[in-house]
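Beneath this line is the structure, given in structure tokens, with notes to follow.
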Amino acid sequence: MFESFVELSEHIHELRAARAGRSPGFAMKYNEVWQAALDCPKNGISKIYLYEDVKIPKPFSGMFFRLESDGTNIGLVFVDEGLDGHWREFAIVKELMHCWSPGHTRVGTPAAAKDLVAAHVAAATPYPAAVAADNKAILAAAEVILPSYSAERYLGLGKTFEQIAFECGLDEGLVNFICRHDMLQARKNGHL
């Protein structure tokens, strides 16, 4: 479907531009990513339901489930009850990124789900494909929220994380996380 985080992000930003007329590259909020997931003909998702304030076992902050019923793909997003506003938003976007997860990374049985939870909790290596997909969803969410080329433009102008956050309407802690050098490099060079 998509080769890289940048390619996926560009596609999602183009979907937003087609629907709302907002230029690609500007920060995205979860409702815009949600709409892009519904608008995208490549992921098969036709409905998404969000369940906030759910008690989710640690170390998870959110979960995504894809249900297939009568040829309809439904996405279910669950977000932990203890998340603050900006981390809640990040968790929702991160879970929505699973709408584009490759089929081989999906967990389809209770036993596979149990193995996924055990791998996350134990930080087991080698990671099963589903754990790798979860880590990649974090990078994809960061790239969609504020594309690396936009972050690098701001940083090249000498902007601080606080200034970038203000100009983009994002939380400073979130900008600090997604605009760190290691995160920018992983986003630019990473593949789905």
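A few points about this structure:
- Of the residues making up region 150-178, those that are within 18 Å of Lys94 (Cβ to Cβ) and more than 15 Å from the chain's Cα centre (by Cα) number 6.
- Residue list for region 140-187, filter: within 25 Å of Ala36 (Cβ to Cβ), in contact (Cβ under 8 Å) with a residue 24 or more places away in the chain and open to solvent by 60 Å² or more (accessible area, probe 1.4 Å): Tyr149, Glu152
- Leading residue by the ranking (nearest to the chain's Cα centre (by Cα)) among those in region 45-63 that are within 20 Å of Leu8 (Cβ to Cβ) and open to solvent by less than 40 Å² (accessible area, probe 1.4 Å): Gly62
- Arg66 open to solvent by 50 Å² or more (accessible area, probe 1.4 Å) and either of a type in the set (Asp, Glu) or touching a helix residue (DSSP H, G or I) at 6+ places or on another chain (Cβ under 8 Å) (or both): no
- Checking Val6 against (1) of a type in the set (A, V, I, L, M); (2) surrounded by fewer than 19 Cβ atoms within 10 Å (Cβ to Cβ); (3) closer than 25 Å to His191 by Cα, the condition it does not meet: (2)
- All of (1) without any contact (Cβ under 8 Å) to a residue 12 or more places away in the chain; (2) closer than 17 Å to Ala142 by Cβ hold for Gly71 with one exception: (2).
For (1) modelled with pLDDT of 85 or more; (2) touching a Gly at 6+ places or on another chain (Cβ under 7 Å), each residue gets a yes or a no:
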{"position": "Glu14", "(1), (2)": "yes, no"}
{"position": "Ser23", "(1), (2)": "no, no"}
{"position": "Leu50", "(1), (2)": "yes, no"}
{"position": "Val54", "(1), (2)": "yes, no"}
{"position": "Lys58", "(1), (2)": "no, no"}
{"position": "Ser69", "(1), (2)": "no, no"}
{"position": "Asn73", "(1), (2)": "yes, yes"}
{"position": "Val79", "(1), (2)": "yes, yes"}
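The values are calculated or read from the model by the stated rules, or taken from the named source; none is laboratory data. A quick note: this is a predicted structure, and the numbers were derived from the prediction, not measured. Heads up, the Cβs are rebuilt from the backbone with ideal geometry, glycines too, and the neighbour counts pull from every protein chain shown. Remember, those area values only see protein heavy atoms, side chains included, never the ligands or the DNA or RNA. Shrake-Rupley method; radii C 1.70, N 1.55, O 1.52, S 1.80 Å.
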